[in-house]
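A quick write-up on the structure given underneath.
The numbers here are math on the coordinates, done by the rules we state, and not lab data. Here the structure is a predicted model, which is why all the values come from computation and not from measurement. Glycine gets a Cβ as well: all are built from the backbone with ideal geometry, and neighbour counts include every protein chain shown.
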Amino acid sequence: MADTSAQARHVAIIMDGNGRWAKRRHLPRALGHQRGVEAVRTLVRGLAETGIECLTLYAFSSENWKRPGEEVDDLMNLMRKFVKSDLPEFIANDVKLKIIGDWQGLAHDIVEMLEDALAKTSGGTRTLAVALNYGSQQEIARAAAKAAGGGEITPETIAAHLDTADLPPLDLLIRTSGEVRLSNFLLWQAAYAEMIFVDTLWPDFTPEHLQEALDEFARRERRYGGR
Ligand code: FPP
């Protein structure tokens, strides 16, 4: 059965290329990440105009701990600053924050900050889901263990225990910076998602780039295995 609905409800992005963006300009990597946050802020501000119900961003993977301690600290500090400074805007713009991944294992102050932000944005109509300390294989293993506790393991019982269980099905997955792989992101959820890989480095990714991807999505015919 072909799907004729052209509006993507759930879009996920692998935000890649901050380091290369900085390197090309002979700037520190931290500045690339900083500009990456700016790109996130601009997209979230324009979320309502896109018609997207849920935007899921891969901010920190369970494998990112392997990076030098200083870079991990930079990323965590950017997260602290971003949530603190933008929380009032989320609330004003009806953006509901959601966190996926093993985020309870992050620093205590971040966990507290996120719990507060989740509570204060719970009435929002559009979701910004941020993947933090996220690994898809780990998420599937956790979901399978929970499903097994309930008795039966089926695709449905696993899906019901994924971190994304309350989100719309993933329609579109975008990766920036020219890399073509999933890097342990939303492996289960991507089963029938459309994928778009763009060369743009993440700090250069604008709402216009997102709109181009949404237009490309609308042109594709999704068959879900049917014909
Ligand atoms: C990839 O760039 C990006 C990341 C590892 C982290 C993405 C994080 C942000 C955009 C900032 C934090 C996000 C929020 C929501 C506050 P890379 O360093 O792998 O780039 P490279 O492949 O060019 O080295």
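Which order do peptides 13-19, 202-208 fall in by mean Cβ count within 10 Å, highest first?
Ranking, from highest mean packing down: 13-19, 202-208.
Counting Lys and Arg as +1 and Asp and Glu as -1, what is the net charge of the other residues whose Cβ lies under 12 Å from the Cβ of Phe197?
Residues near Phe197 contribute -3 overall.
So which GluC sites (Glu not before Pro) in the range 72-157 end up in coil per DSSP with only 11 or fewer other C-beta atoms within 10 Å?
Of the GluC sites (Glu not before Pro), the ones in loops of the range 72-157 whose Cβ has at most 11 other Cβ atoms within 10 Å are Glu152.
What is the dipole size for the chain, taken about its Cα centre, with +1 at each Lys and Arg Cβ and -1 at each Asp and Glu Cβ, in debye to the nearest 20?
Taking the Cα centre of the chain as origin, the dipole is about 400 debye.
Find out how many positive minus negative residues lie around Asp94, taking Lys and Arg as positive, Asp and Glu as negative, among other residues whose Cβ is under 14 Å from that of Asp94.
+1
Of all beta bridges DSSP finds with both residues in the chain, what is the antiparallel percent, to the nearest 5?
5 percent
Across the chain, how many lysine pairs, 8 or more positions apart or on different chains, have C-alpha atoms separated by under 16 Å? Please give the number.
Counting lysine pairs in the chain gives 5.
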